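See below for the structure under consideration.
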Amino acid sequence: MLPVDLPDTVRDALLAPLVDHACHGVRRDELTRGRFELLLNEGGSPAPPGTTHFDTPLGAAVRRWCAPVLGLEPHAPPPIYLSRRAELGAAEVNRLLLRASGVSAFLVDTGPEGADLLTAAEMGSGGEAAAGEVVRIEQIEQDVAEMAGVAVDYLDSLGDELSARAARAVALKTVVAGLCGLGLDPARPSRGAVLAAANRRLADPKQPLAEPALARHLLWSAADVARERGLPLQIHAGLGACDAGPHLADPALLTGFIRALQPAGVPVVLLTCYPYQRQAAYLAHAFPHVYVDVGLALAHTGAGSPRVLAELLELAPFHKQLYGSGCRELAETCHLGAVYFRRALGAALKARLDAGEWSAADAARIAHMIGAGNARRVYRL
């Protein structure tokens, strides 16, 4: 799995247990082929007639790296792979793939939770790992909007509920990129603007948040709670956060907000970011409180993942990079995130060792930092 001729210390560092600082629960129910294929595709649409989502980098990776974990030969055809998956059952498939990932701690985005998804505790149990909860702030906002009767109650309840749920969390997270885009005015909105937007919001509270003034208020309220409790604020950008348009998921659009937040000292963790990983690397380089991963881009780019990770390593400080699988719904994405992280980082380390730029001790130390050490420090694990 790793490049040959790596020093033993570097190989050991790459194979050491990881901290998956950004993942989701995986499905506990049995999946038909149609449902499985939909989950292979971030767009959530069926493949065109006569084609299959197995003919993607992620689909090929499932057949190559997940098939052996389930007791099949590498590159097992899709029908054989799915037949074996059904034979084992979802619980056993999840157990095998989560444990094969070599993760010592899962930090799980729990919102929106569903009965078909494993909880944070169940992810930890299935993977024989520790687990922590990452609270999604938009889910809190949705809950408050559906309960509040008037705008003033909405504002008061939102702050209280953010603080209450943060008490059990290791981090707060926003998916505002997929709702309003990241190009929001970075300034705190006025109370009048928030009240007016809240009145519009409460007219149809079951709809997802789409009011820019409320999105800004929610971000700043979350930042206040994160500062008070010493928590990081995760911001999903790029792949998987593009509902508002891919151009609006570029983390560079956050520069004003990041700069405004710097005096508060709240760690900002940029998640996934693909195809904007270079912009994210620049932000991590330029601002002391910004951290970054490439998340689910590792599994979705498959054999191309070394180039993606290499672009982070070009500029982002090594103590600012984290490992996160970004896994969601399919346990395969958890295992593949770990596989391609180790392969991609191994290739980058070998290139630098071969060029004489780093010593073996440097390479091993950096592998330990990115794989687990940075996350343990940032999330105070």
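See the values below:
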{"quantity": "Helices (runs of 4 or more DSSP H) contained entirely in region 189-273, each with at least 2 residues that are among the basic types (Lys, Arg)", "calculated": "191-202, 212-229"}
{"quantity": "Pick from region 260-295, criterion touching a Pro at 6+ places or on another chain (Cβ under 8 Å) and small (Gly, Ala, Ser), ranking: surrounded by the most Cβ atoms within 10 Å (Cβ to Cβ)", "calculated": "Ala280"}
{"quantity": "Spans of helices (runs of 4 or more DSSP H) in region 326-381 with at least 2 residues touching a Pro at 6+ places or on another chain (Cβ under 8 Å) and surrounded by fewer than 24 Cβ atoms within 10 Å (Cβ to Cβ)", "calculated": "331-354, 360-368"}
{"quantity": "Pair list, Cβ under 6 Å, 6 or more apart: region 6-31 residue touching a residue at least 60 places away in the same chain (Cβ under 8 Å), other residue part of a strand (DSSP E or B) and of a type in the set (Phe, Trp, Tyr)", "calculated": "Asp20/Phe106; Cys23/Phe106"}
{"quantity": "Condition broken by Leu298, with the remaining ones in (1) crowded, with 24+ Cβ neighbours inside 10 Å; (2) over 27 Å from Glu133 (Cα atoms); (3) of a type outside the set (D, E, K, R) satisfied", "calculated": "(2)"}
{"quantity": "Qualifying residues in region 70-116 (those that are assigned to a helix (DSSP H, G or I) and hydroxyl-bearing (Ser, Thr, Tyr)) - the one surrounded by the most Cβ atoms within 10 Å (Cβ to Cβ)", "calculated": "Tyr81"}
{"quantity": "Lone qualifier among Leu330, Leu296 - being within 25 Å of Pro232 (Cα to Cα) and either in contact (Cβ under 8 Å) with a residue 24 or more places away in the chain or within 19 Å of the chain's Cα centre (by Cα) (or both)", "calculated": "Leu296"}
{"quantity": "Any hit, region 304-317, residues being among the polar types (S, T, N, Q), surrounded by 17 or more Cβ atoms within 10 Å (Cβ to Cβ) and over 14 Å from the mean Cα position of the chain (by Cα)", "calculated": "yes"}
{"quantity": "Checklist (1) part of a helix (DSSP H, G or I); (2) modelled with pLDDT of 95 or more applied to Ala303, failing item", "calculated": "(2)"}
{"quantity": "Hey, Leu58 in contact with a Gly (Cβ under 9 Å, 6 or more places away or on another chain) and without any contact (Cβ under 8 Å) to a residue 24 or more places away in the chain or not", "calculated": "no"}
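The values are calculated or read from the model by the stated rules, or taken from the named source; none is laboratory data. Everything numeric in this text was worked out from a predicted model, so none of it was measured. Note that each Cβ is placed from the backbone with ideal geometry, even for glycine, and that neighbours are counted across all protein chains shown.
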